[in-house]
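Only one structure is covered here, and it is reproduced in the block below.
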Amino acid sequence: MSGPIADVSARKGRQNEHADAVRSMFDRIAPRYDLLNRVLSAGIDQRWRSDAIAALRPKPRARVLDLCAGTLDVTQGLADAYPDVSLTAADFAAEMLERGKHKVPTAERVVADAMALPFADASFDAAVCSFGIRNVSITQKALQEVRRVLTPGSRFVTLEFFRSSRPITRSWSASFARVVLPAVGQALAGDAAAYRYLSDSMAKFLSRAEYESLLRSVGFCNVSGIDLTLGIASLVVAEVPS
């Protein structure tokens, strides 16, 4: 895969090219996506997702949006943790949603662009995005859309691989991404290029501090974040003003 691997600031001029390439990539790797996640993270990704689900804390009977839902791992966790909420799983890769539909048959599945969500203002009472926001062409536009579709007082939780500010973590991540990700991607999915893209997307995304600042700039408040597992992944919580 070539072309769409660009620094966040460089994506704006060619967002359609970037979006089409990333959508095609995720459709290709969808059949092996869950297996690859478990192998590459040694299962730690499941704990990270559990942390994100616990941080969301939706109210009873809330309408919850799982943005960039992929194969519905987080949607399934939400259904287990909060059985009385109404769930909508949105992703721009239709094949990913199709592969995960058996996990939560009751969830609404919507093929959607995070930068132009097909939902009315204040449609949801909580939202979560797990390892997807860095793949959006223009991060700010996606955050503005999330802010638009959330009700006052609601919470937005992001779980992501942000660009690390820790030298040790940054060095380890670079080596892992350069060598291990493409090799495992080739072995299990026959697609080293896709996982080379994913590794580059981590290195060229925002830092956690930059992402938190961007959340505040589009109208979120009470923004806070924590690093997980030596900063390999991070959790950011933000709220819509009441």
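Laboratory data are not the source of any read-out in this text; all were calculated from the coordinates shown. Note that this is a predicted model, so its numbers are computed, not measured. Every residue, glycine as well, gets a Cβ built from its backbone with ideal geometry; the counts of neighbours run over all protein chains shown.
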Task: For GLU160, net neighbour charge (Lys/Arg +1, Asp/Glu -1) across residues whose Cβ lies under 9 Å away - done: +2
- [ ] Report the full-extension gain for the segment SER50 to SER213: residue separation times 0.36 nm, less the Cα-Cα distance, to one decimal in nm.
- [x] 56.2 nm
TODO: Take CYS129, CYS221 and order them by how many other Cβ atoms sit within 10 Å, fewest up front.
DONE: CYS221, CYS129
Task: For SER213, SER164, SER86, order by how many other beta-carbon atoms lie within 10 Å, fewest first - done: SER213, SER86, SER164
TODO: Determine, for LEU235, LEU159, the number of other Cβ atoms within 10 Å of each Cβ, and report the residues in order from fewest to most.
DONE: LEU235, LEU159
